[in-house]
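The values are calculated or read from the model by the stated rules, or taken from the named source; none is laboratory data. Predicted model only: the values in this text are computed from it and were never measured. When we count neighbours, we look across all protein chains shown, and the Cβ atoms used for this are built from the backbone with ideal geometry, even at glycine. Keep in mind that these areas ignore ligands, DNA and RNA; they rest on the heavy atoms of the full protein, side chains included. Shrake-Rupley method; radii C 1.70, N 1.55, O 1.52, S 1.80 Å.
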Amino acid sequence: MRLSRYFLPVLKETPSEAQIVSHRLMLRAGMIKQSAAGIYSWLPLGFKVLRKIENIVHEEQMRAGHIPMQMPTLQSADLWKESGRYDAYGEEMLRITDRHGRDMLYTPTAEELITDIFRSNVSSYKDLPLTMYQIQWKFRDEIRPRFGVMRGREFYMKDGYNFDLSKEDALHAYNRHLVSYLRTYERMGLQAIPMRADGGPIGGDYTHEFLVLAETGESEVFYDSAVTDLSFGDREIDYDSVEQCKGVLEEFTTKYARTDETHDEALFGEVPEERRRTARGIEVGQIFYFGTKYSDALGAQVQTAEGEKVSVHMGSHGIGVSRLLGAIIEASHDDNGIIWPEGVTPFHAGIVNLKQGDAEADAACEALEKAMEAAGLEPLYDDRKERAGGKFATMDLIGLPWRITVGPRGLKNGVVELTSRRTGESEEMAPEAAVVKLIEIYADHRVTGL
Ligand code: ATP
Ligand code: MG
């Protein structure tokens, strides 16, 4: 992509309405524009990152055996009246009346609709287990939308639902989700700690929230510092193995880690004092097992092998896809701007031409751009007639993890400069060598289907 042809409306001034760094940087980097309180347009750069995050979520969900599908954003209120949540959900639900006077709503979550799909189509234990998910816009009429996409009213969320014959099977689905979430966040360069949580309006006996530690987080969290030493890494896991999934859950949830909603001073006191931490965190996901709450309310039953009719055991599992952009930036930035982890960066590397219009420099940049594209990498080539300082500032602000700087002086010696956004370290090398190095760097960070 040539910057001269792209739409990247960066702001020089710090927008005064933004209270936290991720919101400021997303506005300054031209990623989003607010259209109404808590409702945003996703400008090209923001949209590109949103898609990368979404694709990682898809890949990891499908790897765990979960089936993608899509439900509408606007729903009839009937099912919600049937489950009792039409009244219980309160003011966060955006209620709409259509021209025939029918009660509609903009979906804040989709347990009712998926349960209706299930009960209309599944009647035998033979069709279980089943887990389906969608990535879809949600609306919650938050009383105080703030912090940009972190607490929007319209937001993008992955919501998945499992249907199982027994509690035991449903707990395997729960554990499987926990494992797949750990992998998902790690691929985005994030450490998200599973913490024992509270059921809230979805309800549930078992629930964990995933929190990214950040000073600007809305939740107060308490944990044993040993949890931050854990990492999922690149271990292989068989998602069908009850033992393996349970083992990972135990490994990641046995040490004390709770939000203020479930915090227990006495239990926390048992953690060795030097490892006790109080901090703030951003909730980037939550998993629930809620038994037969919705299947009882909506009559989602299957016949067992013995011919008995039983309510199915269910869980639901959410990832805050749009909130993740904010969380990643909170966790990865410096005074000059964003520092994207390789897994979610909108472009893999920036190409900065120090002397636009110089025939040799232009040709070298174009060759680099072509070579990267041929290797399946996405470069952003700053081909504007701008001062070098301005080009560097833009690249730093938008946070591409790697930058190739091309200038006549280096080219005389056959080299360009490859710079890491994170460390600021630069290395001179032949243009071909820079491309080879980028291919290596991104070998483990390919997101498909863009
Ligand atoms: P919160 O406690 O932050 O209001 P929640 O617990 O009500 O969130 P869930 O129902 O668990 O949210 O939704 C799944 C995920 O969707 C959350 O973990 C969060 O990452 C994301 N999410 C929820 N509300 C919002 C919002 N208003 N804006 C952006 N993302 C949100
Ligand atoms: Mg939650």
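Computed quantities for the displayed model
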read-out: Residue-level accessible surface for THR216, protein heavy atoms, 1.4 Å, Å²; value: 40 Å²
read-out: Options LEU45, ALA300, ALA279, ranked by Cα towards positive dipole end of the chain, top entry (Cβ charges); value: LEU45
read-out: By average C-beta atoms within 10 angstrom, highest first, the peptides 154-161, 355-362, 322-329, 51-58; value: 322-329, 154-161, 51-58, 355-362
read-out: Theoretical FRET efficiency, 1/(1+(r/R0)^6), r = Cβ-Cβ of GLU366 and ARG422, R0 25 Å, to 0.05; value: 0.40
read-out: By accessible area with a 1.4 Å probe, ligands and nucleic acids excluded, highest first: order of HIS445, HIS66; value: HIS445, HIS66
read-out: The chain, relative contact order [Cα under 8 Å, separation at least 6], %; value: 17 percent
read-out: Ranked by how many other beta carbons lie within 10 Å on average, peptides 268-280, 306-318, 84-96, 242-254 from highest; value: 306-318, 242-254, 84-96, 268-280
read-out: Fluctuation leader among GLY217, GLY101, GLY285 - the chain, Gaussian network, Cα springs under 10 angstrom; value: GLY101
read-out: Lys/Arg +1, Asp/Glu -1 at C-beta; the chain dipole; positive extreme among THR131, SER22, ALA197; value: SER22
read-out: Gain in span if fully extended, ALA430 to ARG275, counting 0.36 nm per residue against the direct Cα distance; value: 51.0 nm
read-out: Radius of gyration and Dmax over the Cα atoms of the range 25-68, both given in Å; value: 13.7, 39
read-out: Proximal lysines to LYS81, defined as alpha-carbon separation beneath 21 angstrom and excluding residues fewer than eight positions away on the same chain; value: LYS138, LYS293
read-out: Rounded if a/c under 1.5, otherwise prolate or oblate - the range 328-370, Cα gyration tensor axes; value: oblate
read-out: Computed E for ARG5/SER231 - FRET, C-beta separation, R0 35 angstrom, nearest 0.05; value: 0.30
read-out: Pairs from LYS355/LYS391; LYS385/LYS412; LYS52/LYS370; LYS158/LYS255; LYS370/LYS412 whose Cα-Cα separation, in the structure shown, is over 19 Å; value: LYS385/LYS412; LYS52/LYS370; LYS158/LYS255; LYS370/LYS412
read-out: Distance from the range 51-94 to the range 1-28 (C-alpha centre basis), Å; value: 30 Å
read-out: Charge dipole of the range 349-442 about the Cα centre (unit charges at C-beta), most positive-ward option of ALA367, ILE439, VAL416; value: VAL416
read-out: Size of electric dipole in the range 13-338: Cβ of Lys, Arg +1 and of Asp, Glu -1, about Cα centre, debye, nearest 20; value: 1140 debye
read-out: Accessible area in square angstrom per residue, the chain, 1.4 angstrom probe; value: 44 Å²
read-out: GLN303-THR73 FRET efficiency (beta carbon distance; Förster radius 51 Å; 0.05 resolution); value: 0.95
read-out: Cα gyration tensor shape for the range 175-236, rounded if a/c is under 1.5, else prolate or oblate; value: oblate
read-out: Accessible-area composition of the chain, carbon plus sulfur, in percent [1.4 Å probe]; value: 47 percent
read-out: Taking the convex hull of Cα positions in the range 181-286, its mean projected area over all directions (nm²); value: 7.4 nm²
read-out: Prolate/oblate/rounded label for the range 13-338 (Cα gyration tensor, a/c 1.5); value: oblate
read-out: For the range 349-442, the fraction of alpha-carbon pairs in successive 5 Å shells from zero, as %; value: 3, 15, 28, 28, 20, 6, 0
